[in-house]
Amino acid sequence: MTNPFLQRWNHRVRHWGTMFAGTSYYHQPQGMGRVFVPGELKGYFNDLTGKTRWTGKVERDGLPFNTLTNGKVVRFPILLCQKALGHWDQWLMEGGTEDRDLFLRTATWLEQTQDSMGGWDTWGPLGQPQRYQYSAMTQGQAVSVMTRAYTLTKSKGLARACFKAMALFRKPVSEGGVCWYEGNQVFLEEFPASRRDTVLNGFIFSLFGLYDYLLTFPDEHVAAFYEEARDSLIRILPEYDAGFWSYYSSGTKRLASPFYHHLHLSQLKALSRIGYGSSVRMALDRWTSYQGNRLYKSWAIVRKGYQKLNEADGIKIAA
């Protein structure tokens, strides 16, 4: 019989090894989108084309599914959205019908599986309570997929799905939504919980969902919400600066892994291109210098490894 403790640590070691080697499907380098055009709904802001090379299991519809560490098989919305956005960019660059078809198939799946609240259960299968099952990152990336699909199909169903997704997007965590409201500040939570712990990359992915929505469906109320969230990100950005590296999250101050630090740089570059101002450019310059410092990078890897050793076990994606 397999020892559960050894099995768990074997999974951890393999996961960390592939992540640091850059061979993990989930931790491929993600630079600026190669066909991103500020102010236009063309290429996605982040390069997700590497996500198109899925080697895991797929259903008959050609879409992937994941196996969790508890053996349960699920469809993970964030993976599906990111893979779809990769196919979208591939289609724009190469014109392949298979990329277009897989992209539209995912958009159809999103429309058909959206629940009555306007969302997709992201964290429920991983053991989160029902009131924290949604993710702002899922909402944002699903909208980024569906708005692009709408530009191709003009489907009223996709438009309605975008409107429903936006309603949940703006709902506070205390009411089962994905936003923390603190005074006039708005924080978009990748992992909603009883205490705010805003994940930087998830916040930015979520913001680009709002950005894409407004390029497609002008709406003064959503525009005001977007501006509040944008200004909140700019105000909170210094809290993600560890002095030698970037933090992954604001509350628990988890240090970013090398993959996420590089992702932060790519995201800040995109934000600077859409006019986020000097604060973003200053953070980008500082954090880029951190990445180029071997001592800082080595210390960050050591610190991150220590944090990983002390993380609580839970249900995770195994494959």
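No value in this document is a laboratory result; all are computed from the given coordinates. Values in this document were obtained by computation on a predicted structure and should not be read as measured data. Neighbour counts are summed over all protein chains in view; Cβ atoms, including those assigned to glycine, are modelled from backbone coordinates with ideal geometry.
Whole-Hz Karplus ³J(HN,Hα) for the stretch 284-290, in order, using 6.51 cos²θ - 1.76 cosθ + 1.60 and θ = phi - 60°, x for Gly and Pro?
4, 5, 5, 5, 5, 5, 4
Neighbouring Cβ atoms within 10 Å as the yardstick, rank SER266, SER144, SER278 fewest first. Present the calculation step by step, with values, prior to reporting the outcome.
Working: SER266 20, SER144 28, SER278 9.
Going from least to most buried by this count: SER278, SER266, SER144.
For a label point 7 angstrom out from the Cα of GLU239 toward its Cβ, which stretches of the stretch 266-290 have the backbone nitrogen within less than 18 Å?
279-280, 283
Do the alpha carbons of any pairs in LYS156/LYS316; LYS171/LYS253; LYS83/LYS171; LYS51/LYS72 sit beyond 31 Å of each other, and which pairs? Working shown, then result.
Details: LYS156/LYS316 36 Å; LYS171/LYS253 25 Å; LYS83/LYS171 27 Å; LYS51/LYS72 22 Å.
Result: LYS156/LYS316 exceed 31 Å.
By how many nm would the segment from THR151 to ILE274 grow when fully extended, if each residue of separation counts as 0.36 nm and the alpha-carbon distance is taken off? Spell out each step's value before the answer.
Details: separation 123, 0.36 × 123 = 44.28 nm, distance 2.10 nm.
Stretched out fully, the THR151 to ILE274 stretch lengthens by 42.2 nm.
Cut-off under 14 Å on the C-alpha distance; same-chain residues fewer than 8 positions from LYS269 excluded. Which aspartates and glutamates are left, in chain and number order?
By straight Cα distance, LYS269 reaches ASP47, ASP285.
Would you mind ranking TYR181, TYR276, TYR260 so that the residue whose beta carbon has the fewest other beta carbons within 10 Å leads the list? Please report the intermediate quantities before stating the final value.
Details: TYR181 15, TYR276 20, TYR260 24.
Fewest-to-most ranking of TYR181, TYR276, TYR260: TYR181, TYR276, TYR260.
In deg cm²/dmol, rounded to 500, what helix-only [θ] at 222 nm does the chain give when every DSSP H run of at least 4 residues adds -39500 (n - 2.57) and the total is split over its residues?
-17000 deg cm²/dmol
Using 7 Å Cα-to-Cβ label points, what is the ASP115/VAL302 separation (nm, one decimal)?
Spacing of the two 7 Å Cα→Cβ label points: 4.5 nm.
Any chance you could run the full-extension gain for ASN293 through GLU98? It's 0.36 nm times the residue separation minus the Cα-Cα distance, nm to one decimal.
Extending this stretch completely gives an extra 66.0 nm.
Taking the beta-carbon count within 10 Å as an exposure proxy, list ASP61, ASP219, ASP47 from fewest neighbours to most. Walk me through the intermediate numbers first.
Values: ASP61 10, ASP219 14, ASP47 21.
Least to most surrounded, the residues fall as ASP61, ASP219, ASP47.
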